[in-house]
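Step one of this worksheet: look at the structure below.
Computed from the coordinates by the stated procedures, all read-outs in this text should not be read as laboratory data. None of these values were measured; they are calculated from a predicted model. In this analysis, Cβ positions are derived from the backbone assuming ideal geometry, glycine residues included, and neighbour counts consider all displayed protein chains.
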Amino acid sequence: MASKTIKFLEEHQSDIPSRFAKEAAWRKENVGWFRWSRQLAVTLIGYMQENGLKKADLAARLDVSPQYVSKLLSDTENLSFKSIANIEDKLGIVCFAMA
């Protein structure tokens, strides 16, 4: 059984080296930023649900492209404080409570 599995894996092995370790290390180094980015995405998704909006509707309210909204919702966009404040102002919401 084990040899059948190993044979299968060898037959399907990629020629491209894995980037898993490098990407995992990068995510670990940026854990704080991911927490902020995730909070923004969750806040925007909640806003969309409460107001019955789709990505295109949110994009229109923010005066950005639907593709940019997709980046915001995927929690991978690195925003400045000014950009976050602009989002908050345009939507009339608070993304991050000040302690």
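In table form, for the structure just shown:
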quantity	calculated
Chymotrypsin sites (Phe, Trp or Tyr not before Pro) restricted to DSSP loop in the range 47-99 with at most 15 other C-beta within 10 Å	Phe96
Rounded to 10°, Cα long-axis angle of helix 2-11 versus longest principal axis of the chain	60 degrees
Read-out Kirkwood radius over Cα pairs in Å, derived from the coordinates shown; its label in (1) 20.4; (2) 16.3; (3) 17.4	(2)
Zone of Phe34's modelled label, taken as backbone nitrogen in the range 50-87 under 15 Å from a point 7 Å along Cα→Cβ	74-78
Estimated [θ] at 222 nm from DSSP helical runs (n ≥ 4, -39500 (n - 2.57)) normalised by residues in the chain, nearest 500	-21000 deg cm²/dmol
Proxy reagent accessibility, fewest Cβ within 10 Å first, across Thr5, Thr43, Thr76	Thr5, Thr76, Thr43
Using θ = phi - 60° and Karplus 6.51 cos²θ - 1.76 cosθ + 1.60, couplings along the range 54-61 (whole Hz; Gly, Pro as x)	9, 4, 5, 5, 5, 4, 5, 5
Karplus-derived HN-Hα couplings along the range 30-35 (A = 6.51, B = -1.76, C = 1.60, θ = phi - 60°), whole Hz, x at Gly and Pro	10, 4, x, 4, 4, 4
Full-stretch length increase - Ala97, Ile16 - with 0.36 nm per residue and alpha-carbon distance subtracted	24.8 nm
